[in-house]
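Here's the structure, in structure tokens; my notes come after.
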Amino acid sequence: AQTVTQSQPEMSVQEAETVTLSCTYDTSESNYYLFWYKQPPSRQMILVIRQEAYKQQNATENRFSVNFQKAAKSFSLKISDSQLGDTAMYFCAFMTSNDYKLSFGAGTTVTVRA
Amino acid sequence: GAGVSQSPRYKVAKRGQDVALRCDPISGHVSLFWYQQALGQGPEFLTYFQNEAQLDKSGLPSDRFFAERPEGSVSTLKIQRTQQEDSAVYLCASSNRPPSFFGQGTRLTVV
């Protein structure tokens, strides 16, 4: 079974600053996907960024980037130039390449202060 | 449709009542998933369909939970004789390959 751990229940950041969310996972598989999803109060789970385990290069999507450390089984998310619209709950999720279901962490609530 | 659509968005049920939650996936998506999200927690897998076939229902918490997708498109999650512990947000997702795209969920409150 795969487990995903997000150790930070809440994070607060000033607008325009940078915040980093941590995520660790446990698996014996070598091929898998990692995701960060954002869930605002509307409850819509929105994909922020994805990483395939076989890719060594860290994924980047505009102001969002990840630090993927495969040996350490770590997958942190960095939000640069934080905006008020980034306020949401962020979930780290894991899926093996031969599976179909996502395993989620408990989430980190991010609040961006004006 | 443009996205995954779920209805109703909110449902209040009296304990013991049966409820039906609907999911309309993205058109053409083969895979459909149901997840349950308790307050302040991450979603937990309930069941998976590939077209009309339910390939995995290992996450359904009890035999009161039943899901179907008879024509390989719209899916319904039915909960019989609801209990207070069934109160949660029920999320539906669809995909053809990773990643999954989610709907806005149905918040079920059992009173």
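The values are calculated or read from the model by the stated rules, or taken from the named source; none is laboratory data. These numbers were taken from a predicted model, which means no experiment stands behind them. Methodologically, a virtual Cβ is constructed for each residue, glycine included, from the backbone with ideal geometry; neighbour enumeration extends over all protein chains shown. Ligands, DNA and RNA are stripped out before the accessible areas are found, and what is left, the full protein with its side chains, is counted by its heavy atoms. Shrake-Rupley method; radii C 1.70, N 1.55, O 1.52, S 1.80 Å.
Observations
- When the solvent-accessible area of chain A is split by element, carbon and sulfur atoms take up 45 percent of it, the probe being 1.4 Å.
- Rolling a 1.4 Å probe over the heavy atoms of the protein chains gives segment A:3-113 an accessible area of 47 Å² per residue.
- Here r is the Cβ-Cβ distance between residue B:63 and residue B:22 and R0 is 30 Å; the resulting FRET efficiency, rounded to 0.05, is 0.90.
- Drop in accessible area of at least 50 Å² in the complex versus isolated chain, residues of segment B:93-111, 1.4 Å probe: B:98, B:99, B:102, B:104
- Modelled label positions at residue B:12 and residue A:29, each set 7 Å beyond Cα in the direction of Cβ, lie 4.1 nm from each other.
- Here r is the Cβ-Cβ distance between residue A:57 and residue B:53 and R0 is 30 Å; the resulting FRET efficiency, rounded to 0.05, is 0.25.
- Overall form of segment B:5-110 per C-alpha gyration tensor (a/c, 1.5; a/b vs b/c): prolate
- Other-chain or far-sequence residues with amide H under 5 Å of residue A:32's (modelled H): A:53, A:54, A:97
- Two-decimal log10 I(q)/I(0) for chain A, as the Debye equation yields it once each C-alpha is a single scatterer, q = 0.10, 0.23 Å⁻¹: -0.27, -1.34
- Surface share of carbon and sulfur [accessible, 1.4 angstrom probe, percent] for segment B:46-102: 43 percent
- Prolate/oblate/rounded call for the protein assembly as shown, Cα gyration tensor, a/c under 1.5 rounded: prolate
- For segment B:5-110: accessible area per residue (Å², 1.4 Å): 48 Å²
- Out-of-range pairs (alpha-carbon distance over 19 Å; input A:38/B:78; A:38/A:78; A:101/B:57; B:57/B:78): A:38/B:78
- Solvent-accessible area buried by pairing A with B, both sides, nearest 100 square angstrom, 1.4 angstrom probe: 1800 Å²
- Computed over chain A with a Gaussian network model linking Cα atoms closer than 10 Å, the most mobile of A:86, A:99, A:26 is A:99.
- When the surface is traced with a 1.4 Å probe over the full set of protein chains, residue A:15 keeps roughly 80 Å² accessible.
- Chain-alone versus full-assembly comparison, segment A:69-114, residues with accessible loss of at least 30 Å² (1.4 Å probe): A:100, A:101, A:102, A:104, A:106
- Length-normalised contact order of chain B in % [C-alpha pairs under 8 Å, at least 6 apart]: 37 percent
- Karplus-derived HN-Hα couplings along segment A:32-43 (A = 6.51, B = -1.76, C = 1.60, θ = phi - 60°), whole Hz, x at Gly and Pro: 6, 10, 10, 9, 10, 10, 10, 10, x, x, 5, 6
- When B:68, A:17, A:52 are compared by accessible area at a 1.4 angstrom probe, the order from most to least is A:17, B:68, A:52.
- Top positive-direction residue, dipole computed over the protein assembly as shown with Cβ charges, set B:4, A:98, B:87: B:87
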